[in-house]
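Right, one structure below, let's go through it.
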Amino acid sequence: MSLPIPSSASVDARHETDHGVAVLTHCPLDTQAIIDSVADDGAGATAVFIGTTRNTFQGKIVTKLEYQAYSKLAIKTMSSILNRTSFHLHLQDVRGGGFTRMAIHHRLGTVPVGQPSIVIAVSAPHRKEAFEACEWALEQVKKEAQIWKREYYDGEKEEDAEWKANA
Amino acid sequence: MSDSSPEVTVLYFAGASTATGTSSERVRLSSPGPQPLSSLSSLLLSLHPGAGLEHVLRTCQWSVDAEMVEDPDSVLLKGGEEVAVIPPVSGG
C-alpha cells in the first residue's frame, strides 16, 4: 500500500489568455517547444526558467518526485498569474512596460530526478521585462498554484515520502 | 431521516489525502439547511478520527467550487458543492 492515493482531480489542463498559455501535463516538458511557443518577431528577448528535480534534500538522496494538482483551480490560478504579471510590470515601471507572450508549463505525476518540473518562457521587446516577468511569475506559481510535490528518498519506505510546502 | 441535509463532495490533496486515506468523498452535513463551511472541519474530523487530520487541517485553506475561500464563516454550503481541502502548496 505504498503508492500515493491517486486523485481524479489531478489531470492535464490547458488555458490560453490574452497574455499566453498555462499548461498542466503528465507528459515530459519539451523545453524547446515551449520556448518556440512564445516566439515573436517583435521580441528582442526571451527569458526561460527551467526548474528541475534535485537529487538531494538535507543529505538524503531523492529518488523521484511526484506532483499532484487540483487542476481545475491550479489552471485558473496560473492563468491569473499570466494576466497579473503584465500588471506587475506596469507597477514596477519596467522599461517597455510589458512582455509579448508567456508560457507556464508544470509537470504532474512522477518526475524522475533531473527532469524539468516547470518551464516558464517569456518573450518581450527587451531583456529587462523578460527577466522580471519570468521571475515574478515563477514566484507567484510557487506561492499560489494549487500544486503539491512529494519527495521519495533512497532507503526509506514510500509511504514515508514527504509532502513538501513552499512557505 | 436526514434527507434534507446538504451533501457535498470533499477533495483531499497532498498531506490531507495521506491523512484520510482518500482523495475524494461524499459527505452529508450534520443538519438540514445551508451550513457554514467552517462547520465542516469538525464533521471531517469525526469521519477520520485519529488520522492526523486535525494537525493537517490547521495549516489548510478551503476552496468551494474551485474558488479559494477567504473567510470560511461567510460561505454557506447548500448542497452539491465541490469543497477542497488545500494544504500549503509546493509547486515549482
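Which residue is least open to solvent (accessible area, probe 1.4 Å), if the candidates are limited to region A:157-167 and must be touching a strand residue (DSSP E or B) at 6+ places or on another chain (Cβ under 7 Å) and more than 7 Å from every other protein chain (Cβ to nearest Cβ)?
Here the residue is A:Ala161.
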Candidate set: region A:55-89, residues that are touching a residue at least 12 places away in the same chain (Cβ under 8 Å) and among the aromatic types (Phe, Trp, Tyr); chosen: the one nearest to A:Ala13 (Cα to Cα): A:Tyr70
Of the residues A:Ser71, A:Ser80, only one is within 14 Å of chain B (Cβ to nearest Cβ), of a type outside the set (Val, Ile, Thr) and under 17 Å from B:Ser90 (Cβ atoms); which? A:Ser71
Which one of these is of a type in the set (A, V, I, L, M), at pLDDT 95 or above and out of contact with any helix residue (DSSP H, G or I) (no Cβ under 8 Å at 6 or more places or on another chain): B:Leu57, B:Leu77, B:Leu43? B:Leu43
Does region A:109-131 include one or more residues that are out of contact with any Leu (no Cβ under 6 Å at 6 or more places or on another chain), without any contact (Cβ under 8 Å) to a residue 12 or more places away in the chain and at positive phi? no
Mind listing whichever residues of region B:39-92 are within 11 Å of chain A (Cβ to nearest Cβ), in a loop (DSSP other than H, G, I, E, B) and among the hydroxyl-bearing types (Ser, Thr, Tyr)? B:Thr59, B:Ser90
Flag if B:Ala14 is on the phi > 0 side of the Ramachandran plot, within 12 Å of chain A (Cβ to nearest Cβ) and in contact with a strand residue (DSSP E or B) (Cβ under 6 Å, 6 or more places away or on another chain): yes
So which of A:Asp18, A:Asp40, A:Asp12, A:Asp36 is closer than 29 Å to A:Glu158 by Cβ and of a type in the set (Asp, Glu)? A:Asp12
Would you point out the residue of region B:76-92, among those that are within 12 Å of the chain's Cα centre (by Cα) and under 24 Å from B:Ser31 (Cα atoms), that is most open to solvent (accessible area, probe 1.4 Å)? B:Glu82
By residue number, the members of region A:54-66 that are under 15 Å from A:Thr110 (Cβ atoms), within 12 Å of chain B (Cβ to nearest Cβ) and open to solvent by 10 Å² or more (accessible area, probe 1.4 Å) are A:Glu66
Which pairs have Cβ atoms under 9 Å, sit 6 or more apart or on different chains, and link a residue in region A:5-20 that is within 14 Å of chain B (Cβ to nearest Cβ) to one that is part of a loop (DSSP other than H, G, I, E, B) and of a type in the set (S, T, N, Q)? A:Ile5/B:Thr22; A:Ile5/B:Ser23; A:Pro6/B:Ser23; A:Ser7/B:Ser23; A:Ser8/B:Ser23; A:Ala9/B:Ser23; A:Ser10/B:Ser23
Out of everything in region A:134-156 that is among the small types (Gly, Ala, Ser) and crowded, with 22+ Cβ neighbours inside 10 Å, what residue ends up being farthest from the other protein chains (Cβ to nearest Cβ)? A:Ala137
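Could you run through region A:102-132 and say how many residues are hydrophobic (A, V, I, L, M, F, W, C) and surrounded by fewer than 18 Cβ atoms within 10 Å (Cβ to Cβ)?
Narrowing region A:102-132 to residues hydrophobic (A, V, I, L, M, F, W, C): A:102-104, A:108, A:111, A:113, A:118-122, A:124, A:130-131.
Filter once more, so that each one left must be surrounded by fewer than 18 Cβ atoms within 10 Å (Cβ to Cβ): A:113, A:131.
Matching residues across region A:102-132 total 2.
The values are calculated or read from the model by the stated rules, or taken from the named source; none is laboratory data. Quick caveat, the model's predicted, so the values are computed rather than measured. Reconstructed Cβ throughout: ideal geometry from the backbone, glycine too, with neighbour counts over all protein chains shown. Quick note on the areas: whole protein, heavy atoms, side chains included, nothing else; ligands and nucleic acids left out. Shrake-Rupley method; radii C 1.70, N 1.55, O 1.52, S 1.80 Å.
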